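Where a number appears in this text, it was derived from the coordinates with a stated rule and is not lab data. It should be emphasised that the depicted structure is a prediction, and the values quoted were computed from it without experimental measurement. Cβ coordinates were reconstructed from backbone atoms using ideal geometry, including for glycine residues, and neighbour counts include every protein chain displayed.
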Amino acid sequence: MSLIEQAAKRLEQLRQAGVELPNSEPEGQQPPRTVHKPEPASPATAQAPSLAPATQADSSTHSPEHPSSASAKRIELNLEAISASGLLVPNAARSELADEYRVIKRPLIANAMGRNSTTIDYGNLIMVTSALPGEGKSFSAINLAISIAMELDNTVMLVDADVARPSILNMLGLAPAPGLLDVVDRGSVDISGVLLRTNIDKLSILPSGTQHPRATELLASDAMIKLLDDMSRRYSDRIIIFDSPPLLLTTEARALATHMGQIVIVVNAENTTQAAVKEAVATIEACPVKMMLLNQARQAGSGTYGYGYGYGYGNRYGNET
């Protein structure tokens, strides 16, 4: 008896003994198998996808205006908490603060988009700074970015460039994350992996990133210049707001200022001296457009505080109003 005949006999003995065996039919003679597909869940039982935490964002969606941002992380800002902290949010009731930022952003947008007779190089790169700490520059940078994001024709990137004391993420209720310094440190211009897309339409955030002992050198490096050039030119509708360190406190702001098209200097009306403002302005002579935002200016006869605004070109001072 051959081996095949012996094996067939043994299999038949096992079947007769009631032993369940895997299908042993020769290939091409196996009985058809029925595949059971799971029935689709009904609308009543289907579960909606839950929102991921702000720091664990979904990267599956992307802005239709900017397809290359597909890999950017998506975060959900708590708009109620942001509004309660005094910052602007979209679709809020009309307020004096919102109206003031509408006035502030108009010349900045016009310069950024080349709507004036004089074209400004890198006009869509706008640095928000101050002479000294505590003058409200980060508060102003966030409000300016959100106000511009409410425009129909512009997208906005808010960059936390205060690499020594970053505060943008904290003010918006977000955890620290990789960002600007990490990209520059590796000599890249690809920010998609660290860019945070938000639930405020047309607003994205670039964190300051991992602190670096040579942050000043990084901000003044060729890699930074290449990154700024790429950020400025990649999308024609994009305006980029940089929250930078105070001009008289560190040298990072001065290094960054040399690559900006517009600079907004926030001045605390109650505390900053004229001498400090003049000294701060003198450190950024290379920028073609310098503007002043007078913060905490007491409104005549009302006892309340608001914003004044003025601007100038070259070394001229704007009239504070």
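Across region 218-228, coupling constants 3J(HN,Hα) worked out from phi with the 6.51/-1.76/1.60 Karplus curve, θ = phi - 60°, read 5, 5, 9, 7, 4, 4, 5, 4, 5, 5, 5 Hz, and Gly and Pro carry x. Two numbers describe the Cα atoms of region 67-263: Rg and Dmax, which are 15.6, 45 Å. Counting beta carbons within 10 Å around each of THR283, THR272 and listing the fewest first gives the order THR283, THR272.
Here the Karplus relation 6.51 cos²θ - 1.76 cosθ + 1.60, evaluated at θ = phi - 60°, turns the backbone of region 166-182 into coupling constants of x, 9, 4, 4, 5, 5, 9, x, 10, 7, x, 8, x, x, 3, 5, 5 Hz, with x for every Gly and Pro.
Here region 82-138 and region 209-278 have alpha carbon centers that stand 15 Å from each other. Among HIS212, HIS259, the order by Cβ neighbours within 10 angstrom, fewest to most, reads HIS212, HIS259. With 18 Å as the limit, write out which pairs from LYS202/LYS226; LYS73/LYS202; LYS73/LYS226 have Cα-Cα distances beyond it, or answer none. Pairs exceeding the cut-off: LYS202/LYS226; LYS73/LYS226. Taking amide H atoms as placed 1.01 Å from N in the peptide plane, the amide H of SER130 lies under 5 Å from those of LEU247, VAL266, each 5 or more residues away in sequence or on another chain.
Taking other Cβ atoms within 10 Å as a rough exposure proxy, TYR101, TYR235 sort from fewest to most as TYR235, TYR101. In this structure the amide hydrogen of ILE75, modeled in the peptide plane, comes within under 5 Å of the amide hydrogens of ARG197, THR198, ASN199, none closer than 5 places in sequence on its chain. Leaving out same-chain residues fewer than 8 places away, which lysines sit with a Cα under 24 Å from that of LYS278? Cross-link targets: LYS105, LYS137, LYS290.
For region 189-198, 3J(HN,Hα) computed residue by residue from phi via the Karplus equation (6.51, -1.76, 1.60; θ = phi - 60°) reads 10, 8, 9, 4, x, 10, 6, 10, 8, 10 Hz, glycine and proline entered as x.
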